[in-house]
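The values are calculated or read from the model by the stated rules, or taken from the named source; none is laboratory data. For clarity, every value in this text was computed on a predicted model and none was experimentally measured. Cβ sites come from the backbone with ideal geometry, for glycine too, and all protein chains shown count toward neighbours. Surface accessibility is based on the protein's heavy atoms, side chains included, excluding ligands, DNA and RNA. Shrake-Rupley method; radii C 1.70, N 1.55, O 1.52, S 1.80 Å.
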Amino acid sequence: MNTKFGRKFLEYCTTSMINNERYNARECEAKWQKTWQDANTFRVENDSDKEKYYVLEMFPYPSGRIHMGHVRNYAMGDVVARYKRAKGFNVLHPMGWDAFGMPAENAAIENDVHPAEWTYANIDAMRGQLKSMGLSIDWSREVATCHPEYYRHQQAMFIDFLDAGLAYRKESKVNWDPVDHTVLANEQVIDGKGWRSGALVEQRELVQWFFKISDFSEDLLETLETLERWPDKVRLMQRNWIGRSQGVQMSFALRNLPDTIDETSIELYTTRADTLFGASFCAISPDHPLSSKLAEHNAEIQQFIADCHRLGTSQEALEKAEKRGLDTGIKALHPFDDSVELPLYIANFVLMDYGTGAIFGCPAHDQRDLDFARKYKLNVTPVVIPAEEDPDTFTIGTQAYIGEGRLANSRFLNGLTIEDGKLKAAEKLESQTLDGKPQGARKTNYRLRDWGVSRQRYWGCPIPVIHCKTCGTLPVPKSDLPVKLPDEITRDKPGNPLAHHPTWKFVTCHKCNGPAERETDTFDTFIDSSWYFARFCSPRADTPTELDAVNYWLPVDQYIGGIEHAILHLLYSRFFTRAMKITGHVGLEEPFEGLFTQGMVTHETYRSNGGNWLSPSEVQISGDGDNRRAVEIASGDVAAIGNTEKMSKSKRNTIDPSDILEDYGADTARWFMLSDSPPERDVIWTEAGVEGAHRFVQRLWRLITDLAASQQTFVSTAEKIDPEKILALRTSTHKTLAAVGNDIEGLRFNRAVAHIYELTNTISAFAASFGGKMEVSALGAYKEACEVLIQLIGPMMPHLSEECWRALGKSTMLADQPWPQAEEELLVEDSIVMAVQVNGKRRDELSVKKSTAKEEVESLALKLDNVIRAIDGKPVRRVIVVPQRIVNIVV
RNA sequence: GCGGGCGUGGUGGAAUGGUAGACACACAGGACUUAAAAUCCUGAGGACGCAAGUCCGUGCGAGUUCGACUCUCGCCGCCCGCACCA
């Protein structure tokens, strides 16, 4: 060990200042950031012999300032990136900007500034803030989605998608956000309100571009199983969102139709073919084609449909609406008994865009159908009888029975289980014919619908197509890309400035040279973020991707972001990657191998006497526990302490990261974000917590400078030291090293932090026990422990650790240092402490050699005083010895 | 309504079925200081006890086990997702 004791270190210690100076985070952080930048430390190349590792945090929207959520997200990603780098991987850790979107347009309207100008200024500001966090990012790969050099490739890929039949245009009823004047995807409608504006969403008919994500429903669903390094929660959410159901699509013959109707049958979909004998009505959606046809000659139906639509302007109202229906007078014939005629209703609760827009109602076993049947006094015949009930007496009250049971009142299905009944009914329907076709077929349906991507906005990627009166809708030739947004826009009219632009949309058709118009819609910004991870692999390439680069880097090994993207962004990206594979832009289908969703950053909320929200800086907190009080500083009045909630501007409970970076430095902020709370859970931001983190920064610095001080006072011929004491320190050092590595690999940052605290405590106690006079072998262990400690905190507090590394006499950069290796023989301890229980209660403990035989452990345990007392003379029935763990004596 | 998750000191939290409360924050007492800050030391789940120690204790109630924060079942509470998807 003495040989490890470098001359350089000795020299350093005698020449450097050894004092109690406080660590100056501001100076040191700036210094190291510059050092890394000048040395291109985090620049990464695509050709390397090293194994690759791609760490990605969800890129930010350039709002202008980073928030605490970013600090947490990027601190976590940076730990992984720096750690993997030290482990010898070629690490890709890029950053970019999700730069298109509505806030830029809103700012443009409010502040009379161009969206581009606003966005690029924000990017500059935020880049500066992120850089001050000391992230190990390869900034040379930065991209901004609003830049033509980014979106021109997106346009090229769209044209490829179009050619491959992955995109199409159709008129459809869309979710219209009346505040933002734009269309929203189903996923963007939350509780009937726009995800961004919060306005009640209306239904409108518009011609829109769609991506055929629904063609991939099965694949997207099935492949979820293989995403083992994704949180179960996210996989489940996607599974539910895709919503597969297996059932039967079948036709019912119609009778008693008005003369104006040609149809003789109607298609409907069910997952409960076993309950067909319990059917008491059929119903179609107000939007069903048959409803429209019937309405043409029937004022009552017209009125009813209009009523449904009026209600339907808000999905929220629709959900709460009472079930209503209108009997058309038409009869649907039961497929297993055409003497049974079921009334056909138009009903407000039947959805047009699921299944066929038509159902049969079995009130006994479906709550919606039951509600409807009770209202319109229709039959309720139970056909599934629970095991403990008698088929002759079982009746349905106000609750439909949806549990298990045996079929009854169902002729050839009687006695079967639900599953067998479904099968037999389906087979029967398949064997029957109606109008020369099989009357039914098994069919799988999905809740997932195609992705509508047209937006009526200016600040987005222009959809690269033109509309020619002669030639129709044509993609813009790739050689003409990018279709750039016009710089000059006016905002004198509401809606999309592209549509109102005096010249931009007027073009000559490249096919017929006639007059044509550009598409004035732009893409949903979720497209921008559906492939940025691929662009980072070769961000300046002339094509959207370079196959060599994407095949080397993808998939992303560790993706980190908020749970709020569990469905939208992650599902779109999975689809987009498949579409890119089909069109030859990538060689794989799943972009994210490992996914981690971090929790939110929360803070207490405060309200003034008058009920206004107060920011944390406006209140003074005192007391503790039940005596905790908040006082509004300005008025001196008592303020109410509210719930701890996600930081938000509206509740004014935000903490600006730049204040924290300024006051305490990046390392303190990073450390605090990583300690205490498990990363997937919410973390509560507290002033005390930050101060605690900062104290640790100072304490580490002191520890390292103290080491240098010990160096000067060490005694070479000291009194004998207990070698056990040195071994104990070395054991702690190497055990901590192993544990922290495991914790970082598993993203358990809070536990890594706890282990680091423990080692720090151990080192401090060790050093203190020598009273400033340390013998040389002890100093070696001390120094080793400190070096390991500094390397362990390297990924978390990169600036402090560089500075400490330097103070330890190293001339290398810690960022270039390989991760230390734990010495195996120190990890296995020779003697262990086993707990001894009597009847499952701990009574004593026993220190034995690891190799001690079971029998010996048993006899030693039985001799312990506390154990004898606990046994209290009772006969010992059994002794359980779990090697290296525990002894349990049963009396 | 359906699906999922969580419930451990004053607080954040730790614990492959094997010594519950590691580590941190807050708190209290002490040392240093003219004083404060900073720092260092000590204490602490609850009850009883001078102490050794004993009993109780991981939302509640059962169960499996030599042994349960951990597994099973039933409740209660909180959080999240989906929601007329037939």
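In the structure shown, do any of A:87/A:131; A:173/A:212; A:323/A:443; A:377/A:424; A:31/A:131; A:735/A:783 have a Cα-Cα gap over 20 Å, and if so which?
Over 20 Å apart, Cα to Cα: A:87/A:131; A:323/A:443; A:377/A:424.
How much area per residue is accessible in chain A when the probe is 1.4 Å and only protein heavy atoms are counted (Å²)? Walk me through the numbers before you get to the answer.
On the way: 40550 Å² over 891 residues.
So chain A comes to 46 Å² accessible per residue, rounded to a whole number.
For region A:379-388, take each phi angle, set θ = phi - 60°, evaluate the Karplus expression 6.51 cos²θ - 1.76 cosθ + 1.60, and give the result in whole Hz per residue in order, putting x for glycine and proline.
Per-residue couplings from phi come out as 4, 10, 10, x, 10, 10, 10, x, 3, 8 Hz.
Using the alpha-carbon atoms, what tilt in degrees (0 to 90, nearest 10) does helix A:25-38 show relative to the longest principal axis of chain A?
Result, in degrees: 70.
Would you mind estimating how fast chain A diffuses translationally, via Stokes-Einstein at 20 °C and 1.002 mPa s with the Kirkwood radius over Cα pairs, in µm²/s?
Calculated translational D: 65 µm²/s.
Give me the percent relative contact order of region A:631-761, please, defined on Cα pairs under 8 angstrom at least 6 residues apart.
Taking the mean separation of contacting Cα pairs over the length of region A:631-761, I get 26 percent.
Can you list the aspartates and glutamates whose alpha carbon is less than 20 Å from that of residue A:233, not counting same-chain residues fewer than 8 positions off?
Residue A:233 reaches A:57, A:187, A:218, A:219, A:222, A:225, A:557, A:564, A:590, A:593, A:680, A:682.
With a point put 7 Å past each Cα toward its Cβ, work out how far residue A:757 is from residue A:868 in nm, to one decimal.
In this crude label model, residue A:757 to residue A:868 measures out at 4.1 nm.
Give the calculated FRET efficiency between residue A:430 and residue A:510 to the nearest 0.05, with a Förster radius of 45 Å applied to their Cβ-Cβ distance.
About 0.30, to the nearest 0.05.
Would you mind calculating the gained length between residue A:769 and residue A:615 on full extension (0.36 nm times residue separation, minus the Cα-Cα distance), in nm to one decimal? The partial results should precede the final answer.
Working: separation 154, 0.36 × 154 = 55.44 nm, distance 4.63 nm.
Full extension from residue A:769 to residue A:615 adds 50.8 nm.
Using θ = phi - 60° and the Karplus form 6.51 cos²θ - 1.76 cosθ + 1.60, what ³J(HN,Hα) does each residue of region A:281-291 get, whole Hz, x for Gly and Pro?
Values, residue by residue: 6, 10, 8, 10, 6, x, 8, 5, x, 5, 4 Hz.
Given just the C-alpha atoms of region A:634-691, how large is their convex hull per residue in cubic angstrom? Provide the component values of the computation, followed by the final result.
On the way: hull volume 7.1 nm³, N = 58.
Value for region A:634-691: 123 Å³ per residue.
So how strong a dipole does region A:68-199 carry about its Cα centre when Lys and Arg Cβ are +1 and Asp and Glu Cβ are -1, to the nearest 20 debye?
760 debye
Starting from the residue with the highest accessible area, list A:512, A:282 in decreasing order, probe 1.4 Å.
Reading off the accessible areas and sorting them downward yields A:512, A:282.
Lys/Arg Cβ at +1, Asp/Glu Cβ at -1, dipole of region A:331-410 taken about the Cα centre: which of A:350, A:396, A:380 is farthest positive-ward?
Selected residue: A:350.
From a point 7 Å beyond the Cα of residue A:877 in the direction of its Cβ, which residues of region A:842-870 have a backbone N at a distance under 18 Å?
Hits in region A:842-870 for residue A:877 at 18 Å: A:842, A:870.
Of A:93, A:118, A:146, which is farthest towards the positive pole of region A:79-191's charge dipole, taken about the Cα centre with +1 and -1 on the beta-carbons of Lys, Arg and Asp, Glu respectively?
A:93
Taking the Cα centre of chain A as the origin, how large is its charge dipole in debye, to the nearest 20, when only Lys and Arg (+1) and Asp and Glu (-1) carry charge on their Cβ atoms?
1300 debye
What residue among A:568, A:598, A:538 has its Cα farthest toward the positive end of the dipole of region A:536-600, where the charges are +1 on Lys, Arg and -1 on Asp, Glu, each on the Cβ?
A:568
In whole Hz, what ³J(HN,Hα) sequence does region A:115-120 give by Karplus (6.51, -1.76, 1.60; θ = phi - 60°), x for Gly and Pro?
x, 5, 4, 4, 5, 5
Given H placed 1.01 Å from N in the peptide plane, which residues other than close sequence neighbours of residue A:473 have an amide H under 5 Å from its amide H?
Excluding prolines and chain starts, which carry no amide H, the hits are A:468.
Assuming 0.36 nm per residue, please report the length gained on full extension of the stretch residue A:727 to residue A:113 beyond their Cα-Cα distance.
Residue separation times 0.36 nm, minus the Cα-Cα distance, leaves 214.4 nm.
Sorted by accessible area with a 1.4 angstrom probe, largest first, how do A:782, A:120 fall?
Putting A:782, A:120 in descending order of accessible area: A:120, A:782.
Set the Förster radius R0 to 41 Å, insert the Cβ-Cβ distance between residue A:163 and residue A:354 as r into 1/(1 + (r/R0)^6), and round the FRET efficiency to 0.05.
Step by step, r from the Cβ atoms, then E = 0.85.
List the residues, sorted by chain then number, that are 5 or more residues from residue A:52 or on another chain and whose placed amide H is less than 5 Å from its amide H.
A:90
Ignoring ligands, DNA and RNA, what percent of the 1.4 Å accessible area of chain A is carbon and sulfur?
48 percent
Using a Förster distance of 22 Å, how high is the FRET efficiency between residue A:264 and residue A:327, based on the Cβ-Cβ distance and rounded to 0.05?
That gives a FRET efficiency of 0.70.
Quick query: amide H of residue A:203 versus all other amide H atoms, modeled in the peptide plane; which residues come in under 5 Å with a sequence gap of 5 or more or a different chain?
Amide H neighbours of residue A:203: A:176.
Treat each spin label as a single point 7 Å out from the Cα along the C-beta direction, and report the residue A:853 to residue A:449 distance in nm.
Those two pseudo-labels are separated by 7.6 nm.
For residue A:830 and residue A:41 in one chain, what is 0.36 nm times their gap in residues minus the Cα-Cα distance, to one decimal in nm?
Taking 0.36 nm per residue and subtracting the Cα distance, the gain is 279.8 nm.
So, in nm, how far is label residue A:499 from label residue A:199 when the simple model puts each one 7 Å beyond its Cα toward the Cβ?
Those two pseudo-labels are separated by 1.3 nm.
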